[in-house]
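**Student:** Here it is: the structure, laid out below.
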Amino acid sequence: MSDETPKPIGGVLGELFPLQDLVEPLPREPVHARVLESHAGGVRALVFASFEAKDALALHRAARPRVEAALLAELSCPPHRAPEFGLGALRFHLFHTLPDAQAALAAFGFEPLTSVEGLGEEIAHLRGEAQRTGLVFDGDPEVSFVARVAPAGLDDVEAALRFAVGKEVFGEKPGAFARRLGHVLAEKRGLPAFAPTYDGLVRLERALFPESYWTLRLLPHTTFQALCDAVAVVAVEAGRAKVEWAESRPDEDTDLAPPPLVRVRSRDGWIHLPLGLHLLRWCVMPRRKDEDVPPLSAWLRDQLSAV
């Protein structure tokens, strides 16, 4: 962007560091501020914990920014630095008894985990984290939950797209990710070339997201960022909006990349459009089978109504 620096989206991303052997005390919060990456059982998972929460509402309110920030950090990783294996699940361990805990976490796709067999190492690591908050737990969590990721079936698309973009990052060449995604989908799926129209965005959304309910519809890293890029292109071409892209380069201190973000010129000046966060909430987070969710194009039309 030329003359303004986009404001960061929240402050939670800075807390998502790999767990290390630190000696500093950690704050007590309804959902622990640090997130563990686990490969137990051969499935890559992000692991959350709660050591104390006064009630289910407090747990729900604390879980939302933690889960969203963790998923955004995952999806925003530059393609050339993305993990070899995609995310297969989220797990949430409660080390205290809390009525209605399942209801508090259901919106994020969590359901009870019937057994913690094979998760001994990650649970032991979390007990160590609890000690840094001043709490001590000797046994397994009182209850554990898992949120599963629906298979996207896009491994070949992601591999080709990642090769095509190389070391570029989102926003470095506006529209480049979207264009390459269109080419890859045409080659791998026989789809028509991507048209930067609202109808084209509808077709793209249908091609990428599986029809799945109560699960996370997580896209591979580069594919997700290319979808964000496509939304911005449609805003320019179909919405006749003036759009400027922010580059998603990793921070030198945290090594985390900011989520896809653009700014749009409105009648009242520039407004920031956090595409990564909006698409996470609109497309990725779990849906109920009886839920009627409008297409992404409808969301974009609404966002551009003030332009």
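**Student:** Which residue pairs have Cβ atoms closer than 6 Å, lie 6 or more positions apart in sequence or on different chains, and pair a first residue in the range 272-298 that is under 20 Å from Ala235 (Cα atoms) and touching a residue at least 12 places away in the same chain (Cβ under 8 Å) with a second residue that is of a type in the set (Val, Ile, Thr) and not in a loop (DSSP other than H, G, I, E, B)?
**Tutor:** Leu273/Val262; Leu273/Val264; Leu275/Val231; Pro295/Val202; Ser297/Val202
**Student:** Restricting the range 238-274 to residues that are among the β-branched types (Val, Ile, Thr) and touching a Leu at 6+ places or on another chain (Cβ under 7 Å), which is surrounded by the most Cβ atoms within 10 Å (Cβ to Cβ)?
**Tutor:** Within the range 238-274, the match that is surrounded by the most Cβ atoms within 10 Å (Cβ to Cβ) is Val262.
**Student:** Scan the range 242-266 residue by residue and report those that are touching a residue at least 60 places away in the same chain (Cβ under 8 Å) and in contact with an Asp or Glu (Cβ under 9 Å, 6 or more places away or on another chain).
**Tutor:** Across the range 242-266, the qualifying residues are Glu244, Trp245, Glu247, Ser248, Arg249, Ala257, Pro258, Pro260, Val262, Arg263.
**Student:** Quickly run through the range 63-96 and pick out the residues that are in a loop (DSSP other than H, G, I, E, B), of a type in the set (Phe, Trp, Tyr) and under 22 Å from Ala33 (Cα atoms).
**Tutor:** Matches in the range 63-96: Phe95 only.
**Student:** Moving on. Given the condition in the same structural domain as Leu280 (by TED's automatic domain parsing), farther than 18 Å from Cys77 by Cβ and among the hydrophobic types (A, V, I, L, M, F, W, C), answer yes or no: does some residue in the range 246-261 qualify? Write out each step before concluding.
**Tutor:** Our first condition is that a residue be in the same structural domain as Leu280 (by TED's automatic domain parsing); within the range 246-261, this holds for 246-261.
Narrowing further to those that are farther than 18 Å from Cys77 by Cβ: none.
No, the range 246-261 contains no residue that is in the same structural domain as Leu280 (by TED's automatic domain parsing), farther than 18 Å from Cys77 by Cβ and among the hydrophobic types (A, V, I, L, M, F, W, C).
**Student:** Then there's this: Suppose the filter is farther than 29 Å from Arg206 by Cα, small (Gly, Ala, Ser) and crowded, with 21+ Cβ neighbours inside 10 Å; does Ser144 pass it?
**Tutor:** So Ser144 passes the test.
**Student:** Right, something else. Looking only at the range 99-120, count how many residues are surrounded by fewer than 20 Cβ atoms within 10 Å (Cβ to Cβ) and either of a type in the set (S, T, N, Q) or in a loop (DSSP other than H, G, I, E, B) (or both).
**Tutor:** Total satisfying the criteria: 9.
**Student:** Can you pull out every residue in the range 156-211 that is of a type in the set (Phe, Trp, Tyr) and surrounded by fewer than 14 Cβ atoms within 10 Å (Cβ to Cβ)?
**Tutor:** Passing the criteria: only Phe163.
**Student:** For the range 268-285, give me each residue that is over 17 Å from Ala298 (Cα atoms) and touching a strand residue (DSSP E or B) at 6+ places or on another chain (Cβ under 9 Å).
**Tutor:** Keep residues of the range 268-285 that are over 17 Å from Ala298 (Cα atoms), which gives 268-272, 285.
Of everything in the range 268-285, those that are over 17 Å from Ala298 (Cα atoms) and touching a strand residue (DSSP E or B) at 6+ places or on another chain (Cβ under 9 Å) turn out to be Trp270, Ile271, His272, Met285.
**Student:** Follow-up. May I ask you to list the residues in the range 128-137 that are part of a helix (DSSP H, G or I) and either free of Cβ contacts under 8 Å to residues at least 24 places away in the same chain or not assigned by TED's automatic domain parsing to the domain that holds Gly42 (or both)?
**Tutor:** Gly128, Gln131
**Student:** Here is a follow-up. Just to check your reading of the model, which residue among Ala226, Ala193 is small (Gly, Ala, Ser), modelled with pLDDT under 95 and over 29 Å from Glu111 (Cα atoms)?
**Tutor:** When all the criteria are applied, what remains is Ala193.
**Student:** Next question, about the same structure. Of the residues Pro250, Pro260, Pro286, Pro294, which single one is closer than 15 Å to Ala230 by Cα and not in a strand (DSSP E or B)?
**Tutor:** From the options Pro250, Pro260, Pro286, Pro294, the qualifying one is Pro260.
**Student:** Further question on the same structure: Mind listing whichever residues of the range 275-307 are basic (Lys, Arg), closer than 26 Å to Ala106 by Cβ and over 20 Å from the mean Cα position of the chain (by Cα)?
**Tutor:** Hit for the range 275-307 is Lys289, nothing else.
**Student:** Scan the range 65-79 and give yes if some residue there is loosely packed, with under 15 Cβ neighbours inside 10 Å and not assigned by TED's automatic domain parsing to the domain that holds Arg249, otherwise no.
**Tutor:** Going through the range 65-79, the residues loosely packed, with under 15 Cβ neighbours inside 10 Å turn out to be none.
Scanning the range 65-79 turns up no residue that is loosely packed, with under 15 Cβ neighbours inside 10 Å and not assigned by TED's automatic domain parsing to the domain that holds Arg249.
**Student:** If you don't mind, there's one more thing I want to ask. Condition first: at pLDDT below 85 and loosely packed, with under 14 Cβ neighbours inside 10 Å. Now tell me which residues in the range 18-42 satisfy that.
**Tutor:** Selection gives Pro18, Gln20, Asp21, Leu22, Val23, Glu24.
The values are calculated or read from the model by the stated rules, or taken from the named source; none is laboratory data. Bear in mind the structure is a predicted one, so any value in this text is a computation, not a measurement. With ideal geometry, Cβ positions are generated from the backbone for all residues, glycine too; neighbour counts draw on all protein chains shown.
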